[in-house]
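What follows is calculated from the coordinates using simple rules that are stated; it is not laboratory data. Keep in mind that what you see is a predicted model, and the values were worked out from it rather than measured. Neighbour counts run over all protein chains shown; Cβ positions are idealised from the backbone, glycine included.
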Amino acid sequence: MRKVVITGVGIASPFGIGWNAWVEGLRSGQSATRRIALFNPDSPYPDAQGASSQALACKVAAEIPDFEPSQWMEPKDLPRVPRVVPIALCAASQALQSAGLLDATETQKRDIGVLLGSGGGGFSYAESNFARWFGATPGPISPYAISSAIAGMVSSEISIAFGLRGRSHTVSDGCTSASDAFGYALDAIRCGRAQTLLCGGADAPITPATLAAFALMRAVPTIYNDAPHLASRPFDQGRDGFVLGEGAWIFVLESEENARARGAKIWAEIAGYGTTCEAYHRVALSEPDEGARAMKMALDDAEIAPEAVDYVNLHGTATALNDPLETAAVKIALGERAYQIPMSATKSQIGHPQGASGAAGIAAALVAMHEGFIAPTINLETPDSNCDLDYVPNVRREAKVDVALCNCLGFGSKNAAVVLKKMN
């Protein structure tokens with residue numbers, strides 16, 4: 001069975017564009033959460049009864065700073081696509097450049113595909129167009145209102161932009177989307193059905209309707225509007241919900257044989273994947289067993305024992321439901337070893353990029369492997385009494401990481417885990 005490796009990395013994150021911005025942002029231990037700048041959160045938006053009478057309850061998010069979409073697409077095309085598209089193209093371009101494939105031949109491009117995770121896809125485009133349809137905002141509806149709103153168009157836009165003629169699929173599974181995309185890519189390359197895949201996650205969910213809906217669920221913070229940097233606090237008693245984030249973390253995956261034949265740099269092996277569904281509820285999880293089983297499946301697939309795991313990247317959303325349940329799942333999956341492994345929640349720094357979360361976690365694990373430190377869980381001042389593991393609180397930690405377990409939990413009772421292994 002073929003080994004599957006990462007040979008290219010591309011990042012557009014709330015810390016900025018590129019690998020260096022990502023590394024330095026994680027190293028800093030600072031929060032990327034700010035007051036929302038993409039739109040005015042103080043403007044009146046429809047309340048639960050549909051009346052435009054109140055400002056958004058949550059006014060903070062983790063946006064990509066100073067992102068200029070026209071650097072990644074022709075200006076004439078920008079009105080035809082949602083924000084997630086230029087963000088994804090930015091990361092995809094970097095990944096191809098990093099892997100030495102940006103100038104691939106037409107023959108090579110026939111064997112390069114796209115397998116991308118995106119929870120919302122072009123939801124923002126649908127939101128803005130239907131606001132015009134229902135008269136909430138002025139202006140005509142775009143003829144691309146449907147084609148650019150579906151999740152599947154994100155992978156297509158990447159394929160079209162770079163002329164990639166392999167498969168082009170979007171996995172849309174909520175928070176586990178990117179992790180599941182890695183799972184499908186792993187299977188495809190292992191069995192020889194794909195040679196090279198751009199794989200990862202991209203989401204841009206920071207919109208008025210998304211924030212209003214999550215506020216109705218009491219899922220986003222409303223008490224830190226005047227202190228955005230304190231808003232995302234996984235595993236802390238003072239948490240008030242997750243901060244919405246955005247970004248794209250995209251990688252080039254290929255077989256080890258193919259990578260070595262062309263002399264590509266190998267960042268890590270995608271060694272294992274596991275996924276389960278608790279089949280319980282649309283948005284909630286009730287117990288930790290299925291999340292634990294997904295982690296065990298990933299470790300078994302990688303043929304790695306819990307004793308060999310050096311780092312766990314946690315889903316860590318900063319919700320009262322997720323944090324203790326994920327903690328319990330890790331304990332079940334790793335046993336006593338769970339108390340000895342450093343683990344952290346990247347969302348404490350960059351917010352929750354929804355379907356791109358799993359890819360962001362993998363990028364954080366690569367930082368641990370190649371930069372020699374584990375990014376912290378910031379804003380962890382008073383841990384929840386049910387959250388008693390080593391979350392690397394507030395300050396990064398120097399560490400040697402050869403094996404990492406990256407965990408995701410999602411709406412629809414879904415769980416996914418990916419194992420990374422550093423290679424010589």
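Over the chain, what is the percentage of antiparallel beta bridges among all DSSP beta bridges, to the nearest 5? Let's see the in-between values first.
On the way: 44 of 63 bridges.
Antiparallel: roughly 70 percent of the beta bridges in the chain.
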Subject >> Rounded FRET efficiency, nearest 0.05, which uses the C-beta distance separating H229 from D187 and R0 of 45 Å >> reply: 0.65
Original post:
Label-point separation (nm) for N424 and F130, each offset 7 Å from Cα along Cα-to-Cβ?
Top reply: 5.6
Subject >> Added length on full extension, which subtracts the Cα-Cα distance from 0.36 nm per residue, E303 to R27 >> reply: 96.3 nm
Subject >> Backbone N within the stretch 108-127 under 16 Å of label point (7 Å from A261 Cα along the Cβ vector) >> reply: 108-113
Original post:
Looking at H169, M297, H352, which one has the Cα that reaches farthest to the positive end of the dipole of the chain (charges on Cβ: Lys, Arg +1; Asp, Glu -1)?
Top reply: H169
**OP:** May I ask which residue of F39, S70, F130 lies farthest towards the positive end of the charge dipole of the stretch 4-261, with charges of +1 (Lys, Arg) and -1 (Asp, Glu) on Cβ and the Cα centre as origin?
**Re:** F130
**OP:** Return the single residue from F130, F15, F162 with maximal mean-square fluctuation; model: Gaussian network over the chain, springs between Cα atoms under 10 Å.
**Re:** F130
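Count charges around Q237 for me, please; just the other residues with Cβ under 14 Å from its Cβ, Lys/Arg as +1, Asp/Glu as -1. Display every interim value, and only then the final one.
Working: positive: R233, R239; negative: D236, D240, D323, E381, D384, D388.
After counting each charged neighbour, the total is -4.
Could you list Y339, Y391 so that the one with the fewest beta carbons within 10 Å of its beta carbon is first and the one with the most is last?
Working: Y339 12, Y391 24.
Ordered by Cβ neighbours within 10 Å, fewest first: Y339, Y391.
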**OP:** Considering only L244, L38, L116, give the residue with the highest GNM mean-square fluctuation for the chain, with springs between Cα atoms whenever their separation is below 10 Å.
**Re:** L38
Original post:
When the chain is treated as a GNM, springs tying every alpha-carbon pair under 10 Å, which of I160, I150, I350 comes out with the largest mean-square fluctuation?
Top reply: I160
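What's the FRET efficiency of D390 with T107 using the Cβ-Cβ distance as r and R₀ = 56 Å, to the nearest 0.05? Spell out each step's value before the answer.
Details: r = 49 Å, r/R0 = 0.88.
Calculated value: 0.70.
Given the DSSP H assignment, sum -39500 (n - 2.57) over each helix run of at least 4 residues in the chain and divide by its residue total; what's the result at 222 nm in deg cm²/dmol, nearest 500?
Details: 12 runs with 125 residues, N = 424.
The per-residue figure over the chain is -9000 deg cm²/dmol.
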**OP:** Could you pull out the chymotrypsin sites (Phe, Trp or Tyr not before Pro) across the stretch 193-295 that fall in loop regions by DSSP (anything but H, G, I, E, B) with no more than 14 other Cβ atoms inside 10 Å?
**Re:** Y280
Original post:
Once you list every other residue whose beta carbon is under 14 Å from the beta carbon of A261, what net charge do they have if Lys and Arg are +1 and Asp and Glu are -1?
Top reply: +1
Subject >> Rg in Å to one decimal, and Dmax rounded to a whole Å, for the chain via C-alpha atoms >> reply: 20.1, 62
Original post:
Contour minus end-to-end for I150 and S43, with contour as 0.36 nm per residue of separation and end-to-end as the Cα-Cα distance?
Top reply: 35.8 nm
**OP:** May I have the count of lysine pairs in the chain with C-alpha atoms under 19 Å apart, counting pairs 8 or more residues apart or located on different chains?
**Re:** 13
**OP:** Work out the length of the dipole vector of the stretch 273-421 about its Cα centre, built from +1 on the beta-carbon of each Lys and Arg and -1 on the beta-carbon of each Asp and Glu, and round it to the nearest 20 debye.
**Re:** 360
Subject >> Solvent-free Debye scattering, log10 I(q)/I(0), computed from the Cα coordinates of the stretch 273-421 at q = 0.12, 0.15 Å⁻¹ >> reply: -0.41, -0.67
